[in-house]
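In what follows, a structure is listed as structure tokens, so that the remarks can point back to it.
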Amino acid sequence: MFNEAILNMWWKYFKGIIFPSISGTLRMLVFTMVFAFVLGFALAIALIITRPDGLKPNNKVYKVLDFIVNTIRSFPIIILIVAISPITRMVVGTTIGEKAAILPLTLTATPFLARILENALAQVDKQLIEAARSFGASNMQIIFKVMLKEAIPSIVSGTTLATITYLSCTTMAGAVGAGGLGAVALNYGYQSFNNTVLYTSVFLLFVMVQLIQYIGNSLYRKL
């Protein structure tokens, strides 16, 4: 009877509080990574073209882009969420909830992914690039048909790392009203002294990390 009462209590918390927060965390993570990957890829192309050993070196442009990337990456996510809250309110209409968290999460994830993608593209064998150039390939053709093709495994590995990193950031965003598992673990678990909610949330985050890493490793091996 005692174990059944504990199980019923756990199920009540899981069904009423924890389970709905899983979809919130996944929505924040998916939208953040999709937006950040698109923007980060565009930024990575600009970096790889203008870097000193790039396809079309431009030191001034590269230094500006490099400074922007490093500056945004230096801000802790919670500080950035608070710092750009007026912009978030202007764009989204609120500073609380999943939608409000996606903007600052995307803002921080974009330079992080841009750096990962830049490094992946920069590791492509220079002889392949010179060979493509000797056949008359344009810079865009070199990037998309040579560098990108060769860098796909590294991109998959780096994107997997970024996804896991920003899964943890969604939980930190929960501390400032973003919702999701982080908010549940903090508000309904830690602050309410409810270990059932707290450790169930932590376990679910652990499972998510393992699944993301497994999918990333599987794609890496196939590619």
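Run residue 53 past the list (1) closer than 24 Å to residue 165 by Cα; (2) outside any helix (DSSP H, G or I); (3) among the charged types (D, E, K, R) and report the number of the one that doesn't hold.
Only one criterion in (1) closer than 24 Å to residue 165 by Cα; (2) outside any helix (DSSP H, G or I); (3) among the charged types (D, E, K, R) is unmet by residue 53, namely (1).
Name the residue that is farthest from residue 125 (Cα to Cα), counting only residues in the range 136-178 that are among the hydroxyl-bearing types (Ser, Thr, Tyr) and touching a residue at least 60 places away in the same chain (Cβ under 8 Å). Even if it seems obvious, please write down each step before you answer.
Filtering the range 136-178 for residues among the hydroxyl-bearing types (Ser, Thr, Tyr) gives 138, 154, 157, 159-160, 163, 165-166, 168, 170-171.
So of that shortlist, the ones also touching a residue at least 60 places away in the same chain (Cβ under 8 Å) come out as 157, 159-160, 163, 166, 170-171.
Numbers: 157: 18, 159: 21, 160: 23, 163: 27, 166: 30, 170: 36, 171: 39 Å.
Residue satisfying both the conditions and the ranking: 171.
Do any helices (runs of 4 or more DSSP H) lying entirely in the range 73-144 carry at least 1 residues that are more than 21 Å from residue 47 (Cβ to Cβ), and which ones are they? Don't jump to the end; show me each part of the working.
Numbers: elements: 77-83, 85-92, 98-122, 126-134, 139-142.
Filter on the range 73-144 gives 77-83, 85-92, 98-122, 126-134.
Being modelled with pLDDT of 90 or more, touching a Leu at 6+ places or on another chain (Cβ under 8 Å), in a helix (DSSP H, G or I) and not aliphatic (A, V, I, L, M) narrows it down to one residue among 24, 40; which is it? First the steps, then the outcome.
Details: 24 fails: modelled with pLDDT of 90 or more.
So the residue among 24, 40 that is modelled with pLDDT of 90 or more, touching a Leu at 6+ places or on another chain (Cβ under 8 Å), in a helix (DSSP H, G or I) and not aliphatic (A, V, I, L, M) is 40.
Among the residues of the range 6-18, write down those that are surrounded by 14 or more Cβ atoms within 10 Å (Cβ to Cβ) and aromatic (Phe, Trp, Tyr).
Of all residues in the range 6-18, those surrounded by 14 or more Cβ atoms within 10 Å (Cβ to Cβ) come to 10, 13-14, 17-18.
Within the range 6-18, 10, 13, 14 meet the criteria.
Yes or no: residue 47 buried (at least 16 other Cβ atoms within 10 Å of the Cβ) and in contact with a Ser or Thr (Cβ under 9 Å, 6 or more places away or on another chain)?
Values: buried (at least 16 other Cβ atoms within 10 Å of the Cβ): yes; in contact with a Ser or Thr (Cβ under 9 Å, 6 or more places away or on another chain): no.
When the stated conditions are applied, residue 47 does not pass them.
Give me the residue from the range 168-195 that is surrounded by fewer than 17 Cβ atoms within 10 Å (Cβ to Cβ) and either of a type in the set (Lys, Arg) or part of a helix (DSSP H, G or I) (or both) and, out of that set, modelled with the lowest pLDDT.
Once the filter is applied, the top-ranked residue is 175.
Could you identify the single residue in 101, 120 that is closer than 29 Å to residue 148 by Cβ and surrounded by 12 or more Cβ atoms within 10 Å (Cβ to Cβ)? Spell out the reasoning first.
Numbers: 101 fails: closer than 29 Å to residue 148 by Cβ.
One residue alone meets the criteria, 120.
The values are calculated or read from the model by the stated rules, or taken from the named source; none is laboratory data. Computed from a prediction, not measured in an experiment: that's the story for all the values here. Reconstructed Cβ throughout: ideal geometry from the backbone, glycine too, with neighbour counts over all protein chains shown.
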